[in-house]
Amino acid sequence: MCGIVGYIGDKKAYPIIIKGLKRLEYRGYDSAGIAIYDGNNIQLTKTQGKVFDLEEKSKSNLDASDGKISIGHTRWATHGVPNDVNSHPHYSNSGDLVIIHNGIIENYGPLKEELKKRGYTFTSDTDTEVLVNLIEDVQKKEKVKLGKAVQIALNQVVGAYAIVVFDRQKPNELVVAKLGSPLAIGIGKDNTEFFIASDASPFIEYTNNAIYLEDEQVAVIRQHKEVKIRQIKDDSLVIPYVQELQLNLEQIEKGGYDHFMIKEIYEQPSVIKDTYRGRLLADQGIIRLGGLEDHVQKFINANRVIIIGCGTSWHAGLVAEYIFEDLARIPVEVEYASEFRYRNPVITEKDVVIAISQSGETADTLAAIKLAKSKGAFVYGVCNVVGSSISRETHSGTYTHAGPEIGVASTKAFTTQITVLTMIALKLAHVKGTISKANYMTHLRELEMVPTHIETALKTNDHVKEVATHFINARNFLYLGRGYNFPVALEGALKLKEISYIHAEGYPAAEMKHGPIALIDEEMPVVVIAINSNHYDKVVSNIQEIKSRKGIIIAVVSEGDTTVREMADFTLEVPNTTESLSPLITTIPLQLLSYHIAVMLGKNVDQPRNLAKSVTVE
Ligand code: AGP
């Protein structure tokens, strides 16, 4: 998830682009760049680092530029580590075209090979540089205008994109296109100027008239002309729909949500799609993970898989333990990285270690990786930040594509981590033959359905909010789950603790009788994950044990459940899915419950006290 900005008009473009990029920095902040057309040439500056670094680097040569046409980009790396070369904008081989792109071109590999055969060369590792050269190649071969060339090129592309392209040979227009990634066009008075951006925050102070491009649309933007929009597939003309925006800046950066946390909770359906995009081909029964392909045998022949992480990442590892052992029959141990690194653990070269980290910078996890490597283990990373220390320290890995997670309480990183770990486990189970073809296909199809199931669960938000009103004075909470949902109980308790400061504990439901049941009385709210599962009947009797001690039951139940609904004081309903995929759904109402309780208590949910988004110290 990157931020893109463009301008064509009568004003000096440089300050508009730089300010716009700063407003979009929440979308990505590992590298940035700007290109300005000064009437003769394209002046381009780009750098690793934040927009501030770009400003420092470009001030001397661009601040003075009178250029009135410009494009800028702030990056969240997916293909190619964050560095100067991989940052955007990217030139075409001729130097006439420049492009900025937010999204992922899945088939950039084969396209790149084709272009290489036709003499194109590439300076970066990015999918975007392939796209701008493909557009140039079409322009040359088909002898068509830029708009048409972009259209023809995009019909060969698989993936997601919001792009802005400028051609030095045709300096009075910008061509933009969209599929999957957001793109807004801000319209200045009488079409005297146009702004292009990932959301309206870069141009809301100049105009609140905007067109939001729809999927598979391309638009040509020329000063003093109506914006011309066409369908990419069939070239049909589209009547632009100009809407008047009623939003203020702060709202826009949060996408209209009150906090980054709730925004990120609602982003889960789309970022899970982004995380399995091009990796999960359910109809063909294929799971393709670039980082894993060459190492499948290492996992299959391993004595065991040791999963390390901290906090929410450790909880994702616990869920993975269940699915790796259940479906792939691979023995798994899950370790707190902070304990693992000092426990003088027995590690051999026959072990595979999976290190999970959203930020990729957590000190304990990094140190645990170095220890495991020093003992000869193969270390595989599951990270959300491209180019982070952990992604560079591991032998190989898979990135979650959750986009920047700004809220300190991790939400979308948790579900995208589970999505990646589930794909790894299913891939290994399939190769090992420890899962039947039918069960394998069911899992792939159900995994593809997860975003829809989460959308359904999110529709209960108002009900969860109502339930939350009953617990703002609670001093303690217990969270219970069995099997795959025991780690979800731990995660639910952690979410409540870290943002509401209410003491909460997660427990395997069967453990209650061995102590915690002593805590139960009419003051103790107990969240129980009681979805349809092999443990259902056992969970029902756990609920009876709590009810008989007057505990207050908040039960997460499957659609259509009647039994637990009658026993529980409050029920939070989720759609059905396979038990192994249920943690991706059952965690949603628990995220919402903790969020609403914390908001009602007036807590700073995005920056809770005493916490940091990335713990880079011991
Ligand atoms: C979770 O909400 C917390 N922010 C924290 O527990 C976090 O999961 C932990 O610090 C690990 O961070 P990482 O995934 O970036 O390594």
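Observations on the model:
- Given (1) among the basic types (K, R); (2) buried (at least 19 other Cβ atoms within 10 Å of the Cβ); (3) free of Cβ contacts under 8 Å to residues at least 24 places away in the same chain, index of the condition K68 fails: (3)
- Segment 72-126, subset among the basic types (K, R) and without any contact (Cβ under 8 Å) to a residue 24 or more places away in the chain, residue surrounded by the most Cβ atoms within 10 Å (Cβ to Cβ): K112
- Test result for E349, in a loop (DSSP other than H, G, I, E, B) and at pLDDT 95 or above: yes
- Any hit, segment 87-104, residues being touching a Lys or Arg at 6+ places or on another chain (Cβ under 7 Å), acidic (D, E) and more than 17 Å from K22 (Cβ to Cβ): yes
- Of the residues making up segment 416-434, one or more are closer than 30 Å to K603 by Cβ, out of contact with any His (no Cβ under 8 Å at 6 or more places or on another chain) and within 14 Å of the ligand (Cβ to nearest atom).
- For segment 427-450, the criterion of being within 16 Å of E573 (Cα to Cα) and either among the hydrophobic types (A, V, I, L, M, F, W, C) or surrounded by fewer than 21 Cβ atoms within 10 Å (Cβ to Cβ) (or both) is met by at least one residue.
- Whichever residue in segment 493-518 is farther than 19 Å from G311 by Cβ and among the hydrophobic types (A, V, I, L, M, F, W, C) and, among such residues, is surrounded by the fewest Cβ atoms within 10 Å (Cβ to Cβ): A518
- Selected residue (criterion: surrounded by the fewest Cβ atoms within 10 Å (Cβ to Cβ)) from residues of segment 8-34 that are small (G, A, S) and out of contact with any His (no Cβ under 7 Å at 6 or more places or on another chain): G9
- Close pairs (8 angstrom Cβ cut-off, 6 or more residues apart or separate chains): at positive phi and modelled with pLDDT of 90 or more in segment 375-392, away from the ligand (no atom under 14 Å from the Cβ) and assigned to a loop (DSSP other than H, G, I, E, B) anywhere: G376/I347; G376/T348; G376/E349
- Highlighted here are the strands (runs of 3 or more DSSP E) found entirely within segment 224-325 that include at least 1 residues which are farther than 30 Å from L24 by Cβ and at pLDDT 95 or above: 304-309.
- Exactly one residue out of A320, A337 is within 15 Å of the ligand (Cβ to nearest atom) and touching a Gly at 6+ places or on another chain (Cβ under 9 Å), and it is A337.
- Segment 577-613 - residue that is more than 22 Å from the chain's Cα centre (by Cα), within 15 Å of the ligand (Cβ to nearest atom) and modelled with pLDDT of 95 or more and, of those, surrounded by the fewest Cβ atoms within 10 Å (Cβ to Cβ): K603
- Identity of the residue in segment 370-394, within 11 Å of the ligand (Cβ to nearest atom) and of a type in the set (A, V, I, L, M), that ends up nearest to D30 (Cα to Cα): V385
- From V144, V165, residue being buried (at least 21 other Cβ atoms within 10 Å of the Cβ) and either β-branched (V, I, T) or part of a helix (DSSP H, G or I) (or both): V165
- Candidates D215, D235, D294, D283: the one that is surrounded by fewer than 21 Cβ atoms within 10 Å (Cβ to Cβ), away from the ligand (no atom under 16 Å from the Cβ) and without any contact (Cβ under 8 Å) to a residue 24 or more places away in the chain is D283.
- All conditions in (1) of a type in the set (S, T, Y); (2) part of a helix (DSSP H, G or I); (3) within 12 Å of the ligand (Cβ to nearest atom) hold for S359, with the sole exception of (2).
The values are calculated or read from the model by the stated rules, or taken from the named source; none is laboratory data. Note that the coordinates shown come from a computational prediction; the quantities given were computed from them, not determined experimentally. Glycine also receives a Cβ, built like all others from the backbone with ideal geometry; neighbour counts cover every protein chain displayed.
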